[in-house]
Amino acid sequence: MPGTDISASLRAGEMTEQQVAHEQSKLRQCLQLLSRDQGICRPNLLEFLNGHLADLKLLWSINPDRGAEAARQTIRASIYALVAQLVPRQSKQPLALEQRAVQYQRVVLAYFNALRDDLGLQDMSLTQRREWLADPKRGPLKVAVRTSQRDFDDAISQIAEMLTHGDYKPIRSEDGDLPTNNLTSSQLGATEPESAPAADAPSEPDASPADLPPTSPDVTVDELRAYSAPIRQAEVPVFVPTVDDLAVSLAMRRGMHKVKFILEYTAHVGVSAGRTPKQISHRARSALADLKRMADARMGTAKMRNAARRARWSSPTAYSDFDIDTEDGARNMYRQLTQEATEAVCSGEMSVNEVVSILRSNVLRPDISGHDPNLMTEQIALSVDRMRRVLIGEDNTLQGRVIDEEGNVIPGLQQATGASVRRNRDGQIVGHGANLISNSEIDAWMRGVLEHTHPSQLAAANLTSIRILTNHMRERLDRSVEAQKALEQKAAEAAKEFGKDSPEAVAAQGALVWAELETKRQIAAVDVLGDAMRSASPAKMRYFVENVSGETIDMGAAGLMYIGRLIELLRGDEDFRRYRGLLGGD
């Protein structure tokens, strides 16, 4: 029931882990709701606090009898105190750690509409605030809409954990004594106050303007930290590889030995997460001992490398040291996987069939295992052949195939594979080497997963796979729609210039029909996976909705449309239904 005083139960140790997880889920929903429309500046804030946000009202000790403005200031101060403790989600953007921290904080504060009043955001809807964050005026700290949503989702998960920690204490103060602002103008990257976008910008449902008085002056981050509730760093969710994943990725390397393993392991982990160098060194030695027990072999031997490969490729958290929330991160994961598989075969320590068999065993990661086994075998064999040509000096410029949406190799076209790039969670490049798989071949692998794996199996996969595949699905849909829009314009221009019955106009119209069919195919894939997600966990369904079906897409002449709405409009379309059937739908 909303309004249950969970803080007292947590301090008394009366809640089980399952109950705490349930409360965290409820709090994430409350925080999402608080960010909607005008955020904390909504005119009906007190009504929300007495209804949907009752859990937050109790946790933050808000007294609605003191009025909306006092409640708003208490919420703002509580948010700032929590934001000061957040650990930014890993990002591929070329930002220094301090810049990334400021960017991440600004996203969270903007979503709650808790930034400085002189920025003119108070009356903006959530959609408008997202666009404000993505505006090029934000300079190097601008954040794309989808990226900011991922940042916010990550942040509210951390905040929910903080709020359900037994040591959490709400900010208690009289009106006027609460800090209200964190980031200064220089930190925000703004040289002067900025105004809201035009009034005709898209807005959230039920949004209405709020007439708010100015808030108190800025305070520093150090002053805010005085209000921060203590939280053990080890309990803050950070996107880092697990001990096993990091250990086996090092153990797979040729030339690895005991001392080198400990040094590289220690350097990779660093002194983060509140651990001392001595503690990290102990952790590295423990990981080494675990590997020896697992493989019954010494570090640096073929037996150890093969055992590490099996552990790496069959792990549900495989390649967690990559920024897999992004398209580039997922591509780099496939490049690294292909390189590791190729090295195993070229060294004579494994066959192509052994590699494929291990990869196919990772059922919780269909992004790795779900591709057609024959096509997977063909791809790895091709990559091995490329590496062997390089090793004997026959070819120093690797080329990959170009594969169309039907899975056919386009003859006469090749794609340079270039050099691989791998980054650790601090954004540093930690691995190099020849790419053995082209971007087109990587796309074909992910496309093969979506088209060869039954939707129910995809729904049973872990969240890592869902992230990789849904991001790829959205990228494919975006590319298809952009191609359709370009052909729409070309067809209109041909009809205008040559006449609608001219050969030029007919050819352009024919190309447009094929593009529209491809778009229907991509939307059918979204619909099929969306149906499967309904039987999956709430976290997977939420991720799918927020990153695919709940997003808008520019359909050109048809204008902006929600993907979910577009699916509804296509339900009766014969081609759409045929594609659904081919993809495992009804």
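Run the numbers for LYS26 and ASN374: contour at 0.36 nm per residue of separation, minus the present Cα-Cα distance, in nm.
Full extension of this stretch gives 120.8 nm more.
For GLU69, put the label point 7 Å out on the Cα→Cβ axis and report which residues of segment 29-54 keep their amide N under 18 Å from it.
40-47
So what is the accessible area of segment 313-362 per residue, in Å², with the probe set to 1.4 Å?
28
Would you kindly find the accessible area of MET162, with a 1.4 Å probe and non-protein molecules such as ligands, DNA and RNA excluded, rounding to the nearest 10 Å²?
Solvent-accessible area, nearest 10 Å²: 10 Å².
Express the C-alpha Rg of segment 62-155 as a ratio against the empirical globular expectation 2.2 N^0.38 Å, rounded to two decimals.
Expressed relative to 2.2 N^0.38 Å, the Cα Rg reads 1.13.
Quick one: how many Å² of VAL545 are accessible to a 1.4 Å probe, rounded to 10?
Near enough 50 Å² of accessible area.
If the convex hull of the alpha-carbon atoms of segment 246-314 is projected onto planes in all directions, what is the mean projected area in square nanometres?
4.3
Among the lysines, which fall within straight-line cross-link reach of LYS540, defined as a Cα-Cα distance under 24 Å, with same-chain neighbours fewer than 8 residues apart omitted?
LYS26, LYS92, LYS520
Subtract the Cα-Cα distance of ASN50 and ARG298 from 0.36 nm times their separation in residues, and report this length gain in nm to one decimal.
So the chain would gain 83.0 nm between ASN50 and ARG298.
With viscosity set to 1.306 mPa s and temperature to 10 °C, compute the Stokes-Einstein D of segment 366-417, Rh being the Kirkwood radius across alpha carbon pairs; µm²/s, no decimals.
128
What's the extension gain from ASP573 to LYS137 if we count 0.36 nm per residue and subtract their Cα-Cα distance?
Extending this stretch completely gives an extra 152.7 nm.
In whole Hz, what ³J(HN,Hα) sequence does segment 102-115 give by Karplus (6.51, -1.76, 1.60; θ = phi - 60°), x for Gly and Pro?
5, 4, 4, 4, 5, 4, 5, 5, 5, 4, 7, 6, 10, 6
At a 1.4 Å probe radius, which order do GLU405, GLU482 fall into by accessible area, largest first?
The ordering from most to least exposed comes out as GLU482, GLU405.
What is the spin-label model distance, in nm, from ASP385 to LYS278 if the labels are put 7 Å beyond Cα along the C-beta direction?
Each label point lies 7 Å from its Cα, and together they span 5.8 nm.
Using a 1.4 angstrom probe with every protein chain in place, what is the largest-first accessible-area order of LYS496, LYS92?
LYS496, LYS92
How far apart, in nanometres, would the label points at SER535 and VAL145 be if each is projected 7 angstrom from Cα along the Cα-to-Cβ direction?
Computed distance between label sites SER535 and VAL145 equals 3.2 nm.
Hey, how many Å between the Cα centroid of segment 448-474 and the Cα centroid of segment 510-561?
Each part's Cα centre sits 14 Å from the other's.
Average the reciprocal distances over every distinct pair of alpha-carbons in segment 271-368, invert the result, and give the Kirkwood radius in Å.
Values: mean 1/r = 0.0662 Å⁻¹.
15.1 Å is the Kirkwood radius here.
Taking 7 Å along the Cα-to-C-beta vector as the label spot, tell me the VAL545-GLU406 distance in nanometres, rounded to one decimal.
3.8
Going by amide H atoms built from the backbone, whose H comes under 5 Å of the H on LYS92, apart from near neighbours?
When sequence neighbours closer than 5 places are left aside, there are no close amide H contacts.
Give the distance, in whole Å, between the Cα centre of segment 328-385 and the Cα centre of segment 71-97.
39
Largest first, how would VAL20, VAL409 line up by accessible area (1.4 Å probe)?
VAL409, VAL20
The values are calculated or read from the model by the stated rules, or taken from the named source; none is laboratory data. Note that the structure is predicted; figures quoted are calculated from it, not measured. Note that we place each Cβ from the backbone using ideal geometry, even for glycine, and neighbour counts take in every protein chain shown. The protein model used for the area step is the full one, side chains on, heavy atoms only, and it has no ligands, DNA or RNA in it. Shrake-Rupley method; radii C 1.70, N 1.55, O 1.52, S 1.80 Å.
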